[in-house]
Amino acid sequence: MKLRALLVAVILCFVAVNLPAPGGYTCWVCGQPIYGTTYTWNDTVAGVKQFLCESCTQLPHSCYMCSLPVKLNVTDLKDGRYLCARDAKNVVLNEDKILDVCSGTGPSLDKQFSRYITFPTNVAFHVVDRLTLVDLFKIPGKDYTCPNVLGYTSKETNEEDHVEFSISILSGQTSAATEATCAHELGHAWMMSNLSTARQKELNRDSIEGFCELVAFMLMRDKNETAQMAVQKENLYTRGQLDLFIDAEQKFGFSDVLDWLKHGDTTRLKEDEIWRIRDIKATKSTNPPALPPVYTSVPAAPLADRLILKSILHGGKAPTALINECTLGVGETGKVKLAGTNLVIRCKEIRTNSVVIEVVGSDKTEELKFKPKEQQGVMWLDKLGP
């Protein structure tokens with residue numbers, strides 16, 4: 001009788017030890033029911049916690065995309081990176097396809113930023129693996145530009161003083177991440193071509209990276225790549241500068257961001273002093289004029305003392321409105337110079353014969369309408385195209 005009771009106790013103990021964890025969880029990695037302790041692991045691609053068994057938490061390799069351990073149907077990229085079966089389906093590994101994405105990034109940026117800047121075209125793109133990319137940062141004499149492990153930009157000048165940029169892009173990223181990386185690196189190329197040597201040296205390294213990330217972020221925002229935008233926002237390597245650049249661009253406009261980048265009185269944006277992006281150094285010419293200045297008798301046109309809707313263009317992909325001397329599309333922000341002050345406005349809506357704008361920094365909105373032609377003395381065009 002005692003032997004039977006002992007046998008029953010042993011069986012019950014064995015069953016209890018091997019019962020699935022409360023909730024009936026299944027391990028995300030091996031797909032088996034979880035017995036005993038259940039572990040959670042952050043899935044950086046899906047943005048959720050996944051459940052793992054204890055055995056899978058001890059696996060030696062992890063997916064470089066989602067950070068979860070890998071076990072089944074693993075893709076080994078031979079450069080120290082591994083991909084889980086899910087993420088391997090979403091990345092681009094073919095070199096020709098990666099170069100196609102790279103070649104299309106410059107035109108996309110030029111289309112979006114044509115009112116402000118033009119990105120260099122003297123660029124050669126290269127697709128590299130992780131080992132090659134890391135080695136690039138160790139080559140003596142290369143211009144140090146970006147600590148981003150996804151891309152590398154160098155500037156080289158030949159004997160004929162011809163400048164060319166070499167941009168290396170990490171393989172095995174998603175199409176959106178590849179395009180964002182190209183945009184970031186083209187941001188570096190633009191800065192090296194348009195900022196003075198002194199300004200490049202004095203700018204804080206995080207500010208440089210923050211601006212380049214802003215360029216990539218705005219491109220992703222224009223293409224509605226929300227997942228990639230979230231990845232960039234969560235990446236901490238700009239030490240908060242990306243968030244501050246986004247805030248400055250939305251409050252003051254991209255034009256003011258560029259002015260600060262070139263001639264700013266500070267070298268790093270601060271959260272409690274974001275308004276200082278408007279502090280610009282007085283530029284002095286190092287070459288005195290050969291002749292005294294010549295003044296004409298034609299007075300400059302006086303600035304308007306109020307916001308004036310001048311025209312609405314309905315042709316093309318999206319309508320635009322000309323307000324004073326500032327052209328804006330829906331959702332865009334710009335600075336308008338008035339006789340008594342300057343205003344930063346955001347275009348909220350473009351209608352058939354009017355525009356709704358918001359004065360940035362206040363709750364004030366206003367609908368601007370066309371003035372009668374006889375009052376303006378100008379034939380205003382309220383619609384162009386078909």
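Annotations
- Single match in Leu269, Leu258 (criterion: in the same structural domain as Val215 (by TED's automatic domain parsing), modelled with pLDDT of 85 or more and in a loop (DSSP other than H, G, I, E, B)): Leu269
- Scan of segment 51-97 for residues that are among the small types (Gly, Ala, Ser) and not in a loop (DSSP other than H, G, I, E, B), ordered by number: Ser55, Ser62, Ala85, Ala88
- Those residues of segment 64-83 which are closer than 14 Å to Asp43 by Cβ and at pLDDT below 95, in sequence order: Tyr64, Met65, Cys66, Ser67
- Meets criteria (farther than 30 Å from Asn224 by Cβ, at pLDDT below 90 and crowded, with 16+ Cβ neighbours inside 10 Å) for Ser166: no
- Of all residues in segment 120-139 being under 23 Å from the mean Cα position of the chain (by Cα), farther than 24 Å from His162 by Cβ and part of a loop (DSSP other than H, G, I, E, B), the one that is modelled with the highest pLDDT: Asp129
- Single residue of segment 78-94 satisfying the filter (surrounded by 17 or more Cβ atoms within 10 Å (Cβ to Cβ) and either without any contact (Cβ under 8 Å) to a residue 12 or more places away in the chain or not acidic (Asp, Glu) (or both)) that is nearest to Thr132 (Cα to Cα): Arg81
- Counted residues, segment 235-261 - those being without any contact (Cβ under 8 Å) to a residue 12 or more places away in the chain and touching a Gly at 6+ places or on another chain (Cβ under 9 Å): 1
- Which numbered condition Thr178 fails, given (1) of a type in the set (S, T, N, Q); (2) farther than 29 Å from Thr75 by Cα; (3) in a helix (DSSP H, G or I): (2)
- Qualifying residues in segment 237-255 (those that are more than 12 Å from Phe211 (Cα to Cα) and crowded, with 22+ Cβ neighbours inside 10 Å) - the one nearest to the chain's Cα centre (by Cα): Gly253
- Pairs, first under 17 Å from Arg278 (Cα atoms) in segment 326-353, second surrounded by 15 or more Cβ atoms within 10 Å (Cβ to Cβ) and basic (Lys, Arg), C-beta under 9 Å, six or more apart: Thr333/Lys251; Thr333/Arg346; Gly334/Arg346; Asn342/Lys335; Leu343/Lys335; Val344/Lys251; Val344/Lys335; Ile345/Lys335
The values are calculated or read from the model by the stated rules, or taken from the named source; none is laboratory data. None of these values were measured; they are calculated from a predicted model. Virtual Cβ from ideal backbone geometry, glycine too; neighbours counted across all protein chains shown.
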